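Asks: One structure follows; several queries about it will come next.
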């Protein structure tokens, strides 16, 4: 990650290069996927520049840490999305304008244009929910200001969330087939994997009814068979790993319970887990609870409150084996190598 102060590159950047200003939003993940997909489909070497205009008013407290954390997540998303085209698509991230006071759309446009000029990039893609100043809509004015600097600007054509928690979404055949396969597999599991004609027929009918009823509400994005297969494979490995951790923890807790002096050291610890969406956070929280000796008391976004019965259970938790395994399942090997809670030094007792 860079700080946005590099010298001009000199040579013209490839047409696939793009600058994407970022801020936490409900559509950011899809925007990242859109620009990566465009770069991959161009079949030309491209550099994606994700920049976080911070503004001097945002340097107080942990604003800079939040910005760098978001940019690190984006790097992992790009790594996940570019797949075999890794040699063609590269990524640069930067916190920009941290020493400037940004207030108006023109201020943000100037900061973005200055960065684009140093990289010889002529195109900007905006997240449709990009609101760096808070809840105030900024996008139309920002688009005009960026065009005024001579840059091309495009709003990423990704679906926005409605303010009323949209329930029904547009879905394709992929979502239907995936839900049908999951439902049929679950039906066969409940039937003891019976392959009798009656079981097969009733399973197909039941799975079809479930898929037809729920396919517009069950999945939020397009189905990528390759990525889905990889994730299911990782999930299988994770299940084996989790069972092993549960077995070890059972032995440790049995030792504590049977020991004459009952060597317990109950404490509650809090930390920000290095997972960034609902399903990974829920997976980690439930895995912690399933492991004897630790109990997830509360989860608020990434902030976990965990009760631990012994010092050993607490140390195992903070060593981050479960957290890293969950990141491996959902984000890949690169994410698994990120620092543990102990290494991040952010644990509170």
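Where a number appears in this text, it was derived from the coordinates with a stated rule and is not lab data. This is a predicted model, so every value here is computed, not measured. All Cβ positions, even for glycine, are placed from backbone atoms using ideal geometry, and neighbour counts span all protein chains on display.
Asks: Once Rh is set to the Kirkwood radius over Cα pairs, what Stokes-Einstein translational diffusion coefficient, in µm²/s, holds for segment 183-296 at a temperature of 10 °C and a viscosity of 1.306 mPa s? Spell out each step's value before the answer.
Replies: Numbers: Rh = 18.2 Å.
So the translational diffusion coefficient is about 87 µm²/s.
Asks: Calculated FRET efficiency, residue 319 and residue 230, Cβ-Cβ r, R0 25 Å, to nearest 0.05?
Replies: On the way: r = 26 Å, r/R0 = 1.04.
It comes to 0.45.
Asks: Sort 327, 344 so that the residue with the fewest other Cβ atoms within 10 Å of its own Cβ comes first and the one with the most comes last. Don't jump to the answer; show the numbers that get you there.
Replies: Numbers: 327 24, 344 14.
Ranking 327, 344 by Cβ neighbours within 10 Å, fewest first, gives 344, 327.
Asks: Using alpha carbon centroids, what distance separates segment 182-216 and segment 224-302, in Å?
Replies: Result: 31 Å between the Cα centres.
Asks: Which of the three applies to segment 291-349, rounded, prolate or oblate, going by the alpha-carbon gyration tensor with a ≥ b ≥ c and a/c under 1.5 meaning rounded?
Replies: In terms of gyration-tensor shape, prolate.
Asks: Separate question: So how far apart, in nm, are the two label points at residue 301 and residue 44 if each is 7 Å from Cα heading toward Cβ?
Replies: 3.9
Asks: Go ahead and run the numbers for FRET between residue 345 and residue 244, Cβ-Cβ distance against an R0 of 25 Å, rounding to 0.05.
Replies: The pair residue 345/residue 244 has a calculated efficiency of 0.35.
Asks: If packing is taken as the average count of other Cβ atoms within 10 Å, what order do 28-34, 177-183 fall into, highest mean first?
Replies: Working: 28-34: 21.7, 177-183: 17.1.
Packing order, densest peptide first, comes out as 28-34, 177-183.
Asks: Same structure, new question: Based on the mean of other Cβ atoms within 10 Å per residue, sort peptides 226-238, 146-158 so the most packed one is first.
Replies: On the way: 226-238: 13.2, 146-158: 15.6.
Top to bottom by mean Cβ count within 10 Å: 146-158, 226-238.
Asks: For segment 225-344, just say rounded, prolate or oblate: build the C-alpha gyration tensor, square-root its eigenvalues into a ≥ b ≥ c, call rounded for a/c under 1.5, and beyond that prolate if a/b exceeds b/c, oblate if not.
Replies: Values: a/c = 2.36, a/b = 1.63, b/c = 1.45.
Here segment 225-344 falls in the prolate category.
Asks: Stick to Cα atoms and the Kirkwood definition of Rh, then tell me Rg/Rh for segment 173-214. The partial results should precede the final answer.
Replies: Working: Rg = 9.9 Å, Rh = 10.1 Å.
Computed over Cα atoms, the ratio is 0.98.
Asks: State, as an integer percentage, the relative contact order of segment 18-155 based on alpha-carbon contacts under 8 Å between residues 6 or more apart. Numbers along the way, then the final one.
Replies: Working: 220 pairs, mean separation 45.1, N = 138.
Once normalised by length, the contact order is 33 percent.
Asks: Okay, next question. Along its principal axes, what span do the Cα atoms of segment 18-155 show, with the longest given first and each in whole Å?
Replies: Sorted largest first, the three principal extents are 40, 33, 26 Å.
Asks: Treat each spin label as a single point 7 Å out from the Cα along the C-beta direction, and report the residue 338 to residue 261 distance in nm.
Replies: In this crude label model, residue 338 to residue 261 measures out at 4.0 nm.
Asks: Quick one: which of 285-298, 187-200, 112-125 comes out on top by average Cβ neighbours within 10 Å, and what's the full order, highest first? Can you show the working numbers first?
Replies: Values: 285-298: 18.1, 187-200: 11.7, 112-125: 19.9.
Packing order, densest peptide first, comes out as 112-125, 285-298, 187-200.
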